[in-house]
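A.B. asks: Let me begin by handing over the structure; questions about it come next.
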Amino acid sequence: MPEGLSGPAQTAWKHIVPILGRMGVLTIADGAALAGYCQMFARWIEAEAAIQQYGIMVPRKSPEGVVLRIEVNPAVRVGSDALRHMRNFAAEFGLTPASRVRLEVEGLGIVGERHQAGDDPWAKFGAPDAPPVN
């Protein structure tokens, strides 16, 4: 797991790495992109929490505390942007139904890059060795 990921991003990493390992689409070269996905997931969760706490609309107040107008909570934009980036990363990893169609399908499994027997490229990602696709 890369250093610098927030707590929620680390949780996302631990959740998604085994899934991608089983799908056979994760390689050592994917670390930065996967970290981006996880960080965007964390940002989306944080934005949604702010929306739950403060609402979709928030008052804009003067320094004296007088409500000047009601406007969209900035967390709505942050969450929307994070979700858009997350969907882009998800598509690259085959995590959406439409993007899985683009992956090579062999039997019932999705085929990704293969590794030599004895290599454990998934260890760097914190996941067990990916099972073979039948």
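A.B. asks: Name the residues in segment 59-74 that are touching a strand residue (DSSP E or B) at 6+ places or on another chain (Cβ under 9 Å) and not basic (Lys, Arg), would you?
C.D. replies: Listed by number, the residues that qualify are 59, 62, 67, 68, 70, 71, 72, 73, 74.
A.B. asks: OK, next. Given the conditions (1) touching a residue at least 40 places away in the same chain (Cβ under 8 Å); (2) out of contact with any helix residue (DSSP H, G or I) (no Cβ under 9 Å at 6 or more places or on another chain); (3) surrounded by fewer than 16 Cβ atoms within 10 Å (Cβ to Cβ), which single one is not true for residue 32?
C.D. replies: (1)
A.B. asks: Specify the residue that is farthest from residue 34 (Cα to Cα); the eligible residues are those in segment 80-94 that are among the charged types (D, E, K, R) and surrounded by 14 or more Cβ atoms within 10 Å (Cβ to Cβ).
C.D. replies: Residue satisfying both the conditions and the ranking: 81.
A.B. asks: Related question: Go through segment 36-89 and give me each residue that's among the β-branched types (Val, Ile, Thr) and in a helix (DSSP H, G or I).
C.D. replies: Start the filter on segment 36-89 by keeping residues that are among the β-branched types (Val, Ile, Thr), which leaves 45, 51, 56, 58, 66-67, 70, 72, 76, 78.
Within segment 36-89, 45, 51, 76, 78 meet the criteria.
Since every read-out is calculated from the coordinates, none of them should be taken as a lab result. What you see is a predicted model, and the numbers here were worked out from it, not measured in a lab. Backbone-built Cβ (ideal geometry, glycine too); neighbour counts: all protein chains shown.
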